[in-house]
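Peer 1: Sharing a structure here in structure tokens format.
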Amino acid sequence: MNWPQVAYQYSVGGIFFLVTLLLCLRLGAADLKNRSDKKAVIYLIVGFFGYLIFHVTWIVLASPGR
């Protein structure tokens, strides 16, 4: 398993994700006072970390030294 590759992929991707999310919030495209917008932001964050966990689990299970 190439851990630096996974760390790089999710740190750089996470930075882009965070910047985009903050831009949406700052420019008013999403308002955390609105229930549906708040729910959408939570789904996005949970989805990012959920996919990270899924991806790492998949890689660990597929590693030959397991």
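Peer 1: V12 passes all but one of (1) over 27 Å from A62 (Cβ atoms); (2) hydrophobic (A, V, I, L, M, F, W, C); (3) modelled with pLDDT of 95 or more; which number fails?
Peer 2: Failing condition for V12: (1).
Peer 1: Follow-up. What number of residues within the range 32-66 are surrounded by 10 or more Cβ atoms within 10 Å (Cβ to Cβ) and over 18 Å from P4 (Cα atoms)?
Peer 2: Number of matching residues: 15.
Peer 1: Further question on the same structure: Output the residue which, of all residues in the range 1-13 that are in contact with a helix residue (DSSP H, G or I) (Cβ under 7 Å, 6 or more places away or on another chain) and without any contact (Cβ under 8 Å) to a residue 60 or more places away in the chain, is least open to solvent (accessible area, probe 1.4 Å).
Peer 2: V6
Peer 1: From L18, L32, L44, which residue is in contact with a helix residue (DSSP H, G or I) (Cβ under 7 Å, 6 or more places away or on another chain) and at pLDDT 95 or above?
Peer 2: On the way: L18 fails: in contact with a helix residue (DSSP H, G or I) (Cβ under 7 Å, 6 or more places away or on another chain); L32 fails: at pLDDT 95 or above.
Exactly one of L18, L32, L44 is in contact with a helix residue (DSSP H, G or I) (Cβ under 7 Å, 6 or more places away or on another chain) and at pLDDT 95 or above, namely L44.
The values are calculated or read from the model by the stated rules, or taken from the named source; none is laboratory data. Nothing here was measured: the structure is a model prediction, and the numbers come from that model. Backbone-built Cβ (ideal geometry, glycine too); neighbour counts: all protein chains shown. Ligands, DNA and RNA are excluded from the accessible area calculation, which covers all protein heavy atoms including side chains. Shrake-Rupley method; radii C 1.70, N 1.55, O 1.52, S 1.80 Å.
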